[in-house]
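Beneath this line is the structure, given in structure tokens, with notes to follow.
The values are calculated or read from the model by the stated rules, or taken from the named source; none is laboratory data. For clarity, every value in this text was computed on a predicted model and none was experimentally measured. Here the Cβ positions follow ideal geometry from the backbone for every residue, glycine too, while neighbour counts run over all protein chains shown. SASA here: full protein model, heavy atoms, side chains in, ligands and nucleic acids out. Shrake-Rupley method; radii C 1.70, N 1.55, O 1.52, S 1.80 Å.
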Amino acid sequence: MNEVQIAAHAKINLTLDVTGRLPNGYHTVRMVMQSVGLHDDVTVTRNSSGAVTLTCDKAYVPTDGRNLAVRAAALFFEETGLTNEGLHIDIVKRIPVAAGLAGGSTDAAAVLHALDTLYETDLPLERLCEIGLKLGADVPYCLLGGTMLAEGIGEALTPILPPPYCHVVLCKPPFAVSTAAVYAAIDAETLTVRPDTDGMLAALAAGDYAGVCHRLYNVMETVTAARHSEIGQIKDTLLSCGAEGAVMSGSGPTTFGLFSNSEKARAAYEALKPVFPDTHLTELLV
Ligand code: ATP
């Protein structure tokens, strides 16, 4: 086999709590992660160039060693001791960038899966996750996907039942947020309002859609929404169009709504798209 194409899915956070800080400066988290249908197409092709090259249909995505997909390929060869005879990665980018949707991490995870197939290394998932963690805290989750409780720095994953199927409208306002700056503004010790993560886990276990929607909560939203009024504006539009719940994902600024009704989801998409072009109508991957 010479070429593998993988759908690299985006993730959303149903909950996100910052629980503390490690001596190395990393924050510890407790969060429920969920894959959605929106995805990049990552195609990995073996060749004889002796190098790793990358192309992407969006000019603002870096194509050199700054791209997490390129770093994933380099790390795969380093960790397995295999020789890179040459590799080309092509990314069709649909996931908004620097948006709280793990776009780079999911491309990196796709490259690790693709290389494991192309080189017939058949690495256990735990080993792939160990390699992925060196690239970023979200990469192990992206290797597994689905619905997970993520703890530690995001790498300690427990599979949980997915929410009942629903539609998702994702909206990324046109500014980027620095994940580091958002973390810096949060003091885990003094946070007073936190997500009801245990309640969310119970709602998921019971298949209680309303319970899931009522418990969507992200401690990072307070920081980002205070600086950018667009977050509140997007939430208001999602809820007024009939979303049963709406919240910001990750460190933002993408904000999403959950809809049991496809027509209401489409109406929200159509209301937001002219104002915020980076709006997407998708669904939970359950
Ligand atoms: P997370 O949710 O993990 O914080 P994110 O959605 O906030 O991720 P990304 O989309 O991964 O952020 O992009 C963050 C930065 O990484 C951007 O500045 C981008 O230039 C860079 N980057 C590196 N590789 C990629 C990639 N494959 N796709 C998109 N961005 C990438």
Residue that is within 10 Å of the ligand (Cβ to nearest atom), open to solvent by 40 Å² or more (accessible area, probe 1.4 Å) and under 20 Å from Asp64 (Cα atoms), where the choices are Ala110, Ala98, Ala176, Ala102: Ala98
Check on Ala243, outside the structural domain of Arg21 (by TED's automatic domain parsing) and open to solvent by less than 40 Å² (accessible area, probe 1.4 Å): yes
Single residue of region 197-240 satisfying the filter (free of Cβ contacts under 8 Å to residues at least 60 places away in the same chain and in a loop (DSSP other than H, G, I, E, B)) that is nearest to the ligand (Cβ to nearest atom): His228
Single unsatisfied condition, Gly136 versus (1) closer than 30 Å to Thr28 by Cβ; (2) more than 9 Å from the ligand (Cβ to nearest atom); (3) surrounded by 15 or more Cβ atoms within 10 Å (Cβ to Cβ): (2)
Condition check for Val193: touching a Pro at 6+ places or on another chain (Cβ under 6 Å) and away from the ligand (no atom under 16 Å from the Cβ): no
Flag if Ala188 is open to solvent by less than 60 Å² (accessible area, probe 1.4 Å), more than 18 Å from Val32 (Cα to Cα) and either touching a helix residue (DSSP H, G or I) at 6+ places or on another chain (Cβ under 9 Å) or of a type in the set (Val, Ile, Thr) (or both): no
Breaking point among (1) more than 8 Å from the ligand (Cβ to nearest atom); (2) free of Cβ contacts under 8 Å to residues at least 60 places away in the same chain, for Lys93: (1)
Index of the failed condition, Lys58 passing every other in (1) open to solvent by 20 Å² or more (accessible area, probe 1.4 Å); (2) in contact with a Cys (Cβ under 6 Å, 6 or more places away or on another chain); (3) of a type in the set (Lys, Arg): (2)
Single unsatisfied condition, Leu161 versus (1) open to solvent by 10 Å² or more (accessible area, probe 1.4 Å); (2) within 30 Å of Leu272 (Cα to Cα); (3) in a loop (DSSP other than H, G, I, E, B); (4) touching a helix residue (DSSP H, G or I) at 6+ places or on another chain (Cβ under 8 Å): (2)
Odd one out for Phe76, checked against (1) over 23 Å from Gly250 (Cα atoms); (2) surrounded by fewer than 17 Cβ atoms within 10 Å (Cβ to Cβ): (2)
Hits in region 72-128 - residues which are within 18 Å of Val4 (Cα to Cα) and of a type in the set (Asp, Glu): Glu85, Asp90, Asp107, Asp116, Glu120, Asp122
So Val32, is it buried (at least 17 other Cβ atoms within 10 Å of the Cβ), at pLDDT 95 or above and assigned to a loop (DSSP other than H, G, I, E, B): no
